[in-house]
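Visitor: Handing you a structure now.
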Amino acid sequence: MEWIEWFGEHFIGLFNAGGEQFMGLFTSIVPTLVVLLTFTYAMIKFIGDERVTKGIQFASKYTVLRYTLMPILSILLLTNPMAYTFGRFVKEEQKPAFFDSLVSFLHPVTSLFPYANAGELFVYLGIANGIAQAGYSMSELAVRYFLVGVLIIFIRGIITEQISKYLKRRMEKSIVEG
């Protein structure tokens with residue numbers, strides 16, 4: 001009988017602890033996320049949807065912009081998972097590389113813009129907590145995490161685009177020889 005009481009007490013305790021954690025997030029990070037998201041959508045409205053669209057289409061023409069600026073803007077403006085819709089601005093053969101760049105940036109973006117991919121915030125916060133406990137600056141970590149992320153998405157975009165081109169040529173060759 002005692003183990004049933006213990007289980008009942010600790011079972012509800014688990015949910016109480018989860019509720020306390022939720023309220024902690026709701027009074028700390030959630031308001032910040034809402035304000036950041038509101039600011040982002042307000043900027044799009046001020047600039048204008050058509051201008052934003054034209055700017056993105058212009059950026060998709062250039063490799064550097066396609067695998068740096070476009071993934072960053074798509075995540076910041078649309079957040080995860082809507083950010084994938086920016087893929088409509090790139091050519092069909094560039095979509096795998098754009099998607100790779102975008103997906104690779106979902107963790108680093110949380111260091112400076114937690115609203116962009118709040119579901120993955122635990123990764124950055126886990127790292128940041130260890131850095132803070134070691135006595136280092138969390139803001140310095142955030143900037144470095146973000147900048148390294150930009151470098152990585154650029155490299156991955158270029159490599160994935162080259163792999164896609166190679167596979168496309170190989171497939172076309174096998175169809176012709178077929």
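The values are calculated or read from the model by the stated rules, or taken from the named source; none is laboratory data. In this text, all values refer to a predicted model and were calculated from it rather than measured experimentally. Using ideal geometry, Cβ is built from the backbone for each residue, glycine included, and neighbour counts are taken over all protein chains shown. Accessible surface areas use protein heavy atoms only, side chains included; no ligands, DNA or RNA. Shrake-Rupley method; radii C 1.70, N 1.55, O 1.52, S 1.80 Å.
Visitor: What number do you get for the stretch 89-131 when its Cα radius of gyration is normalised by 2.2 N^0.38 Å, N = residues?
Guide: Cα-based Rg divided by the globular estimate yields 1.44.
Visitor: Name the most mobile residue of Ile12, Ile163, Ile56, meaning the one with the largest mean-square fluctuation, in a Gaussian network model of the chain with Cα contacts below 10 Å.
Guide: Among Ile12, Ile163, Ile56, the largest GNM mean-square fluctuation belongs to Ile12.
Visitor: Which one, Leu37, Leu151, Leu121, has the greatest fluctuation when you compute a Gaussian network model over the chain with C-alpha springs under 10 angstrom?
Guide: Leu151
Visitor: If each residue of separation counts as 0.36 nm, what is the full-extension length gain between Ile127 and Ile152 once their alpha-carbon separation is subtracted?
Guide: Numbers: separation 25, 0.36 × 25 = 9.00 nm, distance 1.83 nm.
Here the answer is 7.2 nm.
Visitor: Then there's this: How much of the accessible area of the stretch 16-103, in percent, comes from carbon and sulfur atoms when a 1.4 Å probe is used?
Guide: About 69 percent, which is the carbon plus sulfur part of the accessible surface.
Visitor: With runs of 4+ DSSP H residues as the only contributors, calculate the mean residue ellipticity of the chain at 222 nm using -39,500 (n - 2.57) per run, divided by the residue total and rounded to the nearest 500.
Guide: Working: 7 runs with 134 residues, N = 178.
Calculated mean residue ellipticity at 222 nm is -25500 deg cm²/dmol.
Visitor: Quick check on my link table: of Lys45/Lys95; Lys54/Lys165; Lys54/Lys91; Lys45/Lys91, which ones sit more than 20 Å apart, alpha carbon to alpha carbon?
Guide: From the list (Lys45/Lys95; Lys54/Lys165; Lys54/Lys91; Lys45/Lys91), the Cα-Cα distance tops 20 Å for Lys45/Lys95; Lys54/Lys165; Lys45/Lys91.
Visitor: Additional query: Could you check which residue among Asn80, Asn129, Asn117 shows the biggest mean-square fluctuation in a GNM of the chain with a 10 Å Cα cutoff?
Guide: In the Gaussian network model the winner is Asn129.
Visitor: What ranking of Ile175, Ile44, Ile131, Ile75 comes out by heavy-atom accessible area, probe 1.4 Å, highest first?
Guide: Of Ile175, Ile44, Ile131, Ile75, the descending order of accessible area is Ile175, Ile131, Ile44, Ile75.
Visitor: Would you mind working out the accessible area per residue for the chain, using a 1.4 Å probe, and quoting it in Å²?
Guide: Per residue, the chain has an accessible area of 67 Å².
Visitor: Give the calculated FRET efficiency between Leu167 and Tyr84 to the nearest 0.05, with a Förster radius of 22 Å applied to their Cβ-Cβ distance.
Guide: It comes to 0.55.
Visitor: Taking N as the number of residues in the stretch 28-178, what value does Rg over Cα atoms divided by 2.2 N^0.38 Å take?
Guide: 1.20
Visitor: In whole Hz and in residue order, list the ³J(HN,Hα) couplings for the stretch 68-81 that follow from phi through the Karplus curve 6.51 cos²θ - 1.76 cosθ + 1.60, θ = phi - 60°; x for Gly and Pro.
Guide: Using θ = phi - 60°, the values come out as 10, 5, 4, x, 5, 4, 5, 6, 5, 7, 10, 6, 7, x Hz.
Visitor: Suppose R0 equals 41 Å. What FRET efficiency, 1/(1 + (r/R0)^6) with r the Cβ-Cβ distance, do Val30 and Glu93 give to the nearest 0.05?
Guide: Details: r = 40 Å, r/R0 = 0.98.
Computed FRET efficiency for Val30 and Glu93: 0.50.
Visitor: With r defined as the distance between the Cβ atoms of Thr63 and Glu177 and R0 fixed at 22 Å, what FRET efficiency is calculated, to the nearest 0.05?
Guide: Given R0 = 22 Å and the Cβ-Cβ separation, E is 0.10.
Visitor: Which whole-Hz ³J(HN,Hα) couplings does the stretch 134-146 yield from phi under the Karplus relation 6.51 cos²θ - 1.76 cosθ + 1.60, θ = phi - 60°, glycine and proline marked x?
Guide: Once rounded to whole Hz, the list reads 7, x, 9, 6, 6, 5, 5, 4, 4, 5, 5, 4, 5.
Visitor: Residue by residue through the stretch 45-57, which ³J(HN,Hα) values in whole Hz follow from phi under the Karplus form 6.51 cos²θ - 1.76 cosθ + 1.60 (θ = phi - 60°), with glycine and proline marked x?
Guide: 5, 5, 6, x, 4, 5, 5, 4, 4, 4, x, 5, 5
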